[in-house]
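So that we are looking at the same thing, I have put the structure below in structure tokens.
The values are calculated or read from the model by the stated rules, or taken from the named source; none is laboratory data. Please read all numbers here as calculations on a predicted model, not as lab measurements. Here Cβ is always computed from backbone atoms with ideal geometry, including for glycine, and neighbour counts include all displayed protein chains.
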């Protein structure tokens with residue numbers, strides 16, 4: 001009916017533009033229409049009440065509207081209305097035919113792969129028809145766009161698809177070519193996160209439409225690992241924490257098995273429960289880095305029944321595992337049990353070497369674990385070349401003014417610029433009681449210390465793991481998260497604790513001390529520059545070693 005009344009289909013009107021072909025100015029059209037509508041209104045107001053006294057005002061308005069509409073139609077016809085539709089000129093424009101060449105196009109459905117269906121569609125006459133009317137260019141799309149000479153160069157073997165990047169590349173490389181349209185044949189699987197606004201604007205400014213032709217089912221059962229966050233370097237026999245991101249469709253509420261392998265050797269596994277379809281999930285895995293060398297660790301989710309594409313269930317990451325030891329400088333302000341048990345915990349550690357200095361009197365220090373007689377002979381380092389060879393610093397019961405202003409600035413540089421770690425322990429002369437909160441090193445701390453003394457208490461406190469601590473490798477005594485949380489609950493109480501104030505916005509509290517009805521931050525950490533700082537607000541973790549069974553290594557594992 002629409003085409004009978006208006007000659008052309010509705011689709012032509014949606015993409016076309018109505019124009020007036022008459023040479024008369026359009027403002028004359030407006031004046032005539034306005035004058036006609038006003039004239040009809042005056043005429044109706046003067047004549048009709050006399051001839052038909054009972055005529056209501058709304059009926060007069062309807063008559064006026066119909067008369068004005070008829071006048072507008074007649075005036076429009078006088079101005080010769082037409083529909084203007086832009087069309088590509090034969091053989092003067094280029095049609096870019098882009099075919100997805102990623103592995104997902106190789107999935108078989110109903111006895112044929114998605115790419116085979118795309119090739120079949122092009123060979124059925126679509127491509128030849130386009131070539132009769134336009135110049136055509138054939139492209140293969142994966143992580144980037146590549147021009148090909150024929151459909152036989154498509155192999156559906158690329159590991160990724162980046163539709164947005166490919167369209168941007170096409171727009172950038174064809175600025176001097178008359179691209180009339182893009183025909184995109186794909187299953188829609190995209191690893192780039194979409195098309196950015198700059199690409200859309202570039203295509204729109206050149207009036208280049210993108211016609212998409214989809215292949216494959218819209219919904220199918222699949223599990224895909226999106227990313228694995230893992231340090232690029234590690235020490236031999238150290239524990240690594242990997243954050244694995246993945247999503248699935250068709251398996252919501254089902255369980256799967258996530259594993260990490262070093263070659264054929266399974267390092268660790270975890271049972272996972274899949275969330276809602278399409279949602280990105282993240283799971284953390286802890287495993288031993290093993291011997292030194294370049295290790296291509298493989299992360300995978302075991303294939304599930306009915307899964308059609310199993311090629312995207314695994315992802316590999318290369319880690320440079322090194323054999324050198326991490327050197328830690330431990331400075332302690334007074335003889336105490338915590339110092340002894342921290343050193344003992346690291347005695348058998350193959351990746352950590354502690355060089356320590358303990359203040360035995362006002363002007364004397366006792367050194368342990370030093371590499372030679374010159375190391376720490378002058379006390380705490382005063383120069384970059386003496387401090388920066390260490391990877392971390394542990395500060396025990398030491399007041400802030402023990403360090404000179406130059407040493408305080410050097411410690412800040414050690415964390416910020418060198419990327420080292422700084423750990424402060426609770427004690428009689430540390431943290432708020434040691435005036436750290438009013439020193440130049442206060443910015444380093446993950447908390448805002450109380451502005452008072454008497455924050456160190458020799459009272460019992462039990463420890464509780466926070467949600468952040470349950471996910472952190474720092475607090476992982478056992479590999480299994482549930483068993484690890486249970487182990488923390490069974491640790492003996494501490495014999496002292498220190499109030500450390502309020503955590504800073506960027507800090508994470510991993511462990512809390514429960515004192516009566518209060519929960520106080522006990523272990524807090526944050527990133528500072530290129531390094532990290534932390535506070536362990538107690539001096540009695542050694543108590544765990546004394547009260548736990550002989551074979552329980554919780555205290556050693558923690559340190």
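Every residue in segment 354-373 that is modelled with pLDDT of 90 or more and under 47 Å from the mean Cα position of the chain (by Cα), please.
354, 355, 356, 357, 358, 359, 367, 368
Filter segment 107-117 down to residues that are part of a helix (DSSP H, G or I) and either touching a helix residue (DSSP H, G or I) at 6+ places or on another chain (Cβ under 7 Å) or not assigned by TED's automatic domain parsing to the domain that holds residue 148 (or both), then give me how many there are.
Number of matching residues: 2.
Ok, one more. I need the full set of residues from segment 137-153 which are under 22 Å from residue 117 (Cβ atoms), in a loop (DSSP other than H, G, I, E, B) and within 32 Å of the chain's Cα centre (by Cα), in order please.
Matches in segment 137-153: 142 only.
When the residues of segment 93-111 are filtered to those that are surrounded by 11 or more Cβ atoms within 10 Å (Cβ to Cβ) and out of contact with any strand residue (DSSP E or B) (no Cβ under 6 Å at 6 or more places or on another chain), which remaining residue is modelled with the highest pLDDT?
105
Another one. Considering 451, 484, which residue is out of contact with any strand residue (DSSP E or B) (no Cβ under 7 Å at 6 or more places or on another chain), without any contact (Cβ under 8 Å) to a residue 24 or more places away in the chain, closer than 30 Å to residue 283 by Cβ and assigned by TED's automatic domain parsing to the domain that holds residue 397?
Unique residue meeting the criteria: 484.
Pull up segment 209-235, narrow it to residues that are part of a loop (DSSP other than H, G, I, E, B) and buried (at least 18 other Cβ atoms within 10 Å of the Cβ), then point me to the one that is nearest to the chain's Cα centre (by Cα).
Result: 230.
Only one of (1) without any contact (Cβ under 8 Å) to a residue 60 or more places away in the chain; (2) more than 23 Å from the chain's Cα centre (by Cα) fails for residue 322. Which number is that?
All conditions pass for residue 322, except number (1).
Kindly indicate whether residue 156 is more than 15 Å from residue 96 (Cα to Cα), free of Cβ contacts under 8 Å to residues at least 60 places away in the same chain and touching a helix residue (DSSP H, G or I) at 6+ places or on another chain (Cβ under 8 Å).
Yes; evaluated as a whole, the condition is true for this residue.
Inspect segment 255-271 for any residue being part of a loop (DSSP other than H, G, I, E, B), modelled with pLDDT under 95, surrounded by 15 or more Cβ atoms within 10 Å (Cβ to Cβ) and not assigned by TED's automatic domain parsing to the domain that holds residue 483 and give the result as yes or no.
no
Take the residues of segment 403-427 that are outside any helix (DSSP H, G or I) and without any contact (Cβ under 8 Å) to a residue 60 or more places away in the chain: which is surrounded by the fewest Cβ atoms within 10 Å (Cβ to Cβ)? If you could, list the steps in order and put the result at the bottom.
Here is the first cut: in segment 403-427, the ones outside any helix (DSSP H, G or I) are 403-404, 417-427.
Of the ones still in play, those that are also without any contact (Cβ under 8 Å) to a residue 60 or more places away in the chain are 403-404.
On the way: 403: 21, 404: 11.
Among those residues, the one meeting the criterion is 404.
Looking at (1) within 26 Å of residue 340 (Cα to Cα); (2) part of a helix (DSSP H, G or I), which is the one condition that is false for residue 385?
(1)
In segment 236-249, which residue that is in contact with a strand residue (DSSP E or B) (Cβ under 7 Å, 6 or more places away or on another chain) and outside any strand (DSSP E or B) is nearest to residue 292 (Cα to Cα)? If you could, list the steps in order and put the result at the bottom.
Of the residues in segment 236-249, the ones in contact with a strand residue (DSSP E or B) (Cβ under 7 Å, 6 or more places away or on another chain) are 236-237, 239-249.
Next, only the ones that are outside any strand (DSSP E or B) stay: 236-237.
Working: 236: 5, 237: 8 Å.
Filtering segment 236-249 for residues that are in contact with a strand residue (DSSP E or B) (Cβ under 7 Å, 6 or more places away or on another chain) and outside any strand (DSSP E or B), the one nearest to residue 292 (Cα to Cα) comes out as 236.
Would you call residue 285 touching a residue at least 12 places away in the same chain (Cβ under 8 Å), surrounded by 15 or more Cβ atoms within 10 Å (Cβ to Cβ), touching a helix residue (DSSP H, G or I) at 6+ places or on another chain (Cβ under 9 Å) and not in a loop (DSSP other than H, G, I, E, B)?
no
If you check every pair at least six apart or on different chains, which have Cβ atoms under 7 Å apart with a residue in segment 55-83 that is closer than 16 Å to residue 32 by Cα first and a residue that is loosely packed, with under 11 Cβ neighbours inside 10 Å and at pLDDT below 80 second?
Taking only residues 6 or more apart or on different chains, the pairs are 80/21.
Checking the conditions here, which among 73, 88, 83 is at pLDDT below 85 and part of a helix (DSSP H, G or I)? I'd like the intermediate steps shown before the answer.
Details: 88 fails: part of a helix (DSSP H, G or I); 83 fails: part of a helix (DSSP H, G or I).
Selected residue: 73, the only one of 73, 88, 83 that is at pLDDT below 85 and part of a helix (DSSP H, G or I).
Would you pick out the residues in segment 386-402 that are surrounded by fewer than 17 Cβ atoms within 10 Å (Cβ to Cβ) and within 37 Å of the chain's Cα centre (by Cα)?
Just the residues of segment 386-402 that are surrounded by fewer than 17 Cβ atoms within 10 Å (Cβ to Cβ), to begin with: 386, 388-389, 401-402.
Passing the criteria: 388, 389.
Tell me which residues, restricted to segment 114-131, are more than 34 Å from the chain's Cα centre (by Cα) and buried (at least 16 other Cβ atoms within 10 Å of the Cβ). Break it down into steps so the answer makes sense when it comes.
So the first thing to find is which residues in segment 114-131 are more than 34 Å from the chain's Cα centre (by Cα), and the list is 116-117, 119-131.
Answer for segment 114-131, where residues must be more than 34 Å from the chain's Cα centre (by Cα) and buried (at least 16 other Cβ atoms within 10 Å of the Cβ): 116, 117, 119, 122, 127, 130.
Can you tell me which residue among 143, 104, 166 is in contact (Cβ under 8 Å) with a residue 60 or more places away in the chain, closer than 30 Å to residue 245 by Cβ and either touching a helix residue (DSSP H, G or I) at 6+ places or on another chain (Cβ under 8 Å) or assigned by TED's automatic domain parsing to the domain that holds residue 307 (or both)?
The conditions single out 104.
Exactly one condition in (1) more than 14 Å from residue 99 (Cβ to Cβ); (2) surrounded by fewer than 16 Cβ atoms within 10 Å (Cβ to Cβ); (3) over 31 Å from the mean Cα position of the chain (by Cα) is false for residue 134; which is it?
(2)
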